[in-house]
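Below is one structure, written out as structure tokens; the observations come after it.
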Amino acid sequence: MNAEPQSSYHYQVMRRAIDRIDRAGGTLSLGDLAAEMQMSPAHFQRLFSQWAGVSPKRYQQYLTLGHAKALLAERSTTLATAHEVGLSGSGRLHDLFLRWEAMSPGDYARGGEGLIIRWGWFDTPFGRALVMGTDRGICAIAFAEEVGEAQALADLTGRWPRAQYVEDPEPLRDWVAAAFVDGAGQRCEMSLHLIGAPFQIKVWEALLAVPSGQVTTYSEIARAIGHPRAVRAVGTAVGRNPISFLIPCHRALRKSGGLGGYHWGLPVKRAMLAWEAARADAAIPGAETAASGA
């Protein structure tokens, strides 16, 4: 019998845990939550700690519906300040150093004509992901756990209909491994190829200034790009971001603290925010013990 890829398996457990915690409306004991996942408490504890970097008890705090508001209150990034100190020229995510290049407006208007885009499916901490790239870098990442693989592929290929698509995952493999390295991984550089309209690219570049474990708002992004009244247009551009996770549209929230939408499914967005916040806290000595009151 073929074993399910480990990272995808972990995400499926997290996905079920989100649903169970929502239904419970409060914190569940380790024993109760492990039983719901049909695992022993010891195995469940190990799995949580491996995936999230913190204990199941602590992790539940990141999965609650109120966590987005807490993030907004405690870890909101002021993008204007980030740009002033030079973060607008480079993005950093889990010890990644991202370089990006934008396609010219004229090339974008031609629907990707003459562009060769290689693609493949990969196992990630958030389930199966469709990754696409040009010779200049990753140009698209889609997560299929909520929408399905067929829909994810149709969605991305439909964005640049005149491009030539080649199923060839090997040239992408190192980029993907770097993209999902955790905080203990080695630093490395990787490239992104931003393919979008000029306004969209401005929004995506602003998102690249939001550090892992922190969040921002649609209105903050609008101010950062010099269009403070274009909040609705910013929200649309955030939703059209093709390079999920690396261009962190999951870190954009409503001003009220609501999660807003997410193109690949809100459970994926919630898992990403929880995963990043947990790992950010785990990197601070004593943070989990202090937070849990242990």
What's the extension gain from residue 101 to residue 168 if we count 0.36 nm per residue and subtract their Cα-Cα distance?
-> 21.9 nm
Residues 14, 272 arranged by fewest to most Cβ contacts within 10 Å = 272, 14
Percent relative contact order of region 127-260, based on C-alpha pairs within less than 8 angstrom and at least six residues apart?
-> 25 percent
Sort the following peptides by mean Cβ neighbour count (other Cβ atoms within 10 Å, averaged over residues), highest first: 102-109, 33-40.
-> 33-40, 102-109
So what is the orientation-averaged projected area of region 99-190, using the convex hull of its C-alpha atoms, in nm²?
-> 6.2 nm²
Which of 263, 43 comes first, and how do the rest follow, when ranked by fewest Cβ neighbours within 10 Å?
-> 43, 263
Order these peptides, 112-120, 162-170, by their mean beta-carbon neighbour count within 10 angstrom, highest first.
-> 112-120, 162-170
Segments 230-242, 126-138 sorted - mean Cβ within 10 Å per residue, highest first = 126-138, 230-242
For region 231-247, in residue order, the Karplus 3J(HN,Hα) values (coefficients 6.51, -1.76, 1.60; θ = phi - 60°; whole Hz; Gly and Pro = x) are 4, 5, 5, 4, x, 5, 5, 4, x, 8, 4, x, 9, 4, 6, 6, 8
Would you work out which of 177, 125, 206 lies farthest towards the positive end of the dipole of region 110-233? Charges go on Cβ: Lys and Arg +1, Asp and Glu -1.
-> 206
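Each reported figure results from applying straightforward, stated rules to the coordinates on display, with no laboratory input. No experiment lies behind these values; they were computed from the predicted model shown. Note that we place each Cβ from the backbone using ideal geometry, even for glycine, and neighbour counts take in every protein chain shown.
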